[in-house]
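Inspection log for the structure reproduced underneath, given as structure tokens.
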Amino acid sequence: MHRGIIADIDLGAVSANLRAVKALAGHSAVIAVVKADAYGHGAVEVSETLVGAGADYLAVAFTAEAVKLREAGITAPIIVLFDPDLGDILKYCLIPVLSDCKTALAFAREAERRKTRIPVHIKVDTGMGRLGLTDRPANQILEIAAEKGIVVEGIMSHLSEADIADPSFTKTQLDAFTALKMELLKNGLHIKMFHIANSAAVMNIPEAHFDAVRPGLMLYGYSSCDRTAKASHGASLQPVMTAKARLISLRRLQTGTPISYARTFVAKRESLIGVIAIGYADGFSTRFSNNAEVLVKGKRAPVVGRVCMDVTMIDLTEIEGVTEIDDVVIIGRQGTESIGASELAKRIQTIPYEILTSLGSRAKRRYL
């Protein structure tokens with residue numbers, strides 16, 4: 001029997017969320033981000049769904065992720081965001097993002113040696129401080145574009161604060177990106193796609209949409225903004241993952257009984273305690289110890305005691321009629337109650353991305 005989390009992945013919700021993106025993006029192309037195994041949802045299955053629902057491009061972090069999609073039969077254009085491998089880029093017809101002039105020129109010359117041309121996107125650092133051209137980027141792009149071995153198809157950057165209320169630094173980044181576009185046009189270089197908008201910008205910053213948008217988190221039903229998963233422009237999102245666990249034991253414990261390591265929880269009454277088959281080895285962090293709830297029979301049950309490697313304890317005293325065949329929902333809906341990745345993230349002061357990738361990547365996934 002499977003240990004750990006069972007994740008039900010609603011591919012219909014993926015399609016609905018993509019429709020929400022397209023409604024907001026208007027005429028901008030959609031580059032659907034499926035890196036990190038589609039944020040723990042399964043890259044192949046999610047990518048097939050997104051392409052079928054009208055995504056223009058897919059984007060992954062590393063070349064190996066793109067190769068997996070190609071070997072699964074996915075033929076849509078795939079952008080490799082970080083550290084592209086030239087051999088596989090050429091073999092699998094991928095689109096690399098190049099973040100420095102030296103690498104770009106090396107790609108161009110190798111492509112020319114092989115008598116081919118590679119479509120590329122050039123990354124510019126407008127304030128993320130991570131990767132991208134910084135020193136007089138327009139001059140560097142013009143130098144790269146003059147090479148015969150590559151075609152500069154896109155210019156991209158990344159917003160660092162699109163999900164916070166203060167728009168000032170985002171405006172600074174957008175102004176720099178717009179100025180770069182105008183400088184390139186002034187020098188006679190017309191680029192097919194400029195793109196900088198992540199999910200938060202897709203939802204709340206229309207002026208960031210440019211020629212294409214790069215949604216990630218919102219495709220999986222969540223917003224990184226400090227608000228509910230509903231855009232200011234009215235796009236409702238549907239969480240894609242329901243994560244469940246099995247009850248493996250029900251125990252009646254007397255008042256004063258300690259539970260789990262270090263006795264961080266001691267029963268203050270006669271209690272019905274359930275043991276569920278997930279722990280920190282399954283991505284359910286120890287930070288949830290005495291600091292989370294799950295759903296059983298449509299009601300909330302608190303996590304009690306320290307989360308263990310393989311199991312976690314929950315207090316079922318207030319819930320009538322529980323048996324060991326009842327599902328325990330970690331994230332998702334049960335009856336009228338729901339627990340989302342955003343709620344769990346707030347409890348341990350992290351982000352929903354970490355919750356989804358941690359739980360989903362270790363789960364047995366079932367596709368609906």
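The values are calculated or read from the model by the stated rules, or taken from the named source; none is laboratory data. Since we're looking at a predicted model, the values are computed, not measured. As a convention, Cβ positions derive from the backbone with ideal geometry for all residues, glycine included, and neighbour counts pool all protein chains shown.
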- Item | Hits in segment 153-175 - residues which are assigned to a helix (DSSP H, G or I) and touching a helix residue (DSSP H, G or I) at 6+ places or on another chain (Cβ under 8 Å) | 170, 174
- Task: Tell me, please, whether a residue that is touching a Phe, Trp or Tyr at 6+ places or on another chain (Cβ under 7 Å), surrounded by 15 or more Cβ atoms within 10 Å (Cβ to Cβ) and without any contact (Cβ under 8 Å) to a residue 24 or more places away in the chain can be found in segment 337-347.
- Result: no
- Query: What number goes with the only condition from (1) assigned to a helix (DSSP H, G or I); (2) under 30 Å from residue 23 (Cβ atoms) that residue 243 does not pass?
  - Reply: (1)
- Mind checking whether some residue in segment 311-325 is among the small types (Gly, Ala, Ser), more than 12 Å from residue 276 (Cβ to Cβ) and exposed (fewer than 15 other Cβ atoms within 10 Å of the Cβ)? yes
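Scan segment 294-316 for residues that are out of contact with any Pro (no Cβ under 9 Å at 6 or more places or on another chain) and either part of a strand (DSSP E or B) or outside the structural domain of residue 265 (by TED's automatic domain parsing) (or both) and jot them down.
As a first pass, look at segment 294-316 and keep what is out of contact with any Pro (no Cβ under 9 Å at 6 or more places or on another chain): 295-304, 306-313, 316.
Within segment 294-316, 295, 296, 299, 300, 301, 302, 303, 304, 312, 313 meet the criteria.
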- Message: Condition check: over 23 Å from the mean Cα position of the chain (by Cα) and over 18 Å from residue 324 (Cα atoms). Does residue 289 satisfy that?
- Response: yes
- Being among the polar types (S, T, N, Q) and buried (at least 16 other Cβ atoms within 10 Å of the Cβ) is the filter; apply it to segment 258-289 and report the residue that is nearest to residue 357 (Cα to Cα). 285
- Only one of (1) modelled with pLDDT of 95 or more; (2) over 16 Å from the mean Cα position of the chain (by Cα) fails for residue 354. Which number is that? (2)
- Scanning segment 1-19 for residues that are over 18 Å from the mean Cα position of the chain (by Cα) and either surrounded by fewer than 22 Cβ atoms within 10 Å (Cβ to Cβ) or in the same structural domain as residue 46 (by TED's automatic domain parsing) (or both), which turns out farthest from residue 64 (Cα to Cα)? 1
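Could you pull out the residue among 330, 319 that is aliphatic (A, V, I, L, M), part of a loop (DSSP other than H, G, I, E, B) and over 18 Å from the mean Cα position of the chain (by Cα)?
Numbers: 330 fails: part of a loop (DSSP other than H, G, I, E, B).
Within the list 330, 319, the selection yields 319.
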- Query: With (1) crowded, with 16+ Cβ neighbours inside 10 Å; (2) modelled with pLDDT under 95; (3) at positive phi as the list, and residue 234 as the residue in question, which single condition is left unmet?
  - Reply: (1)
- Query: Taking the stated definitions as given, is residue 184 crowded, with 17+ Cβ neighbours inside 10 Å, part of a loop (DSSP other than H, G, I, E, B) and among the aliphatic types (A, V, I, L, M)?
  - Reply: no
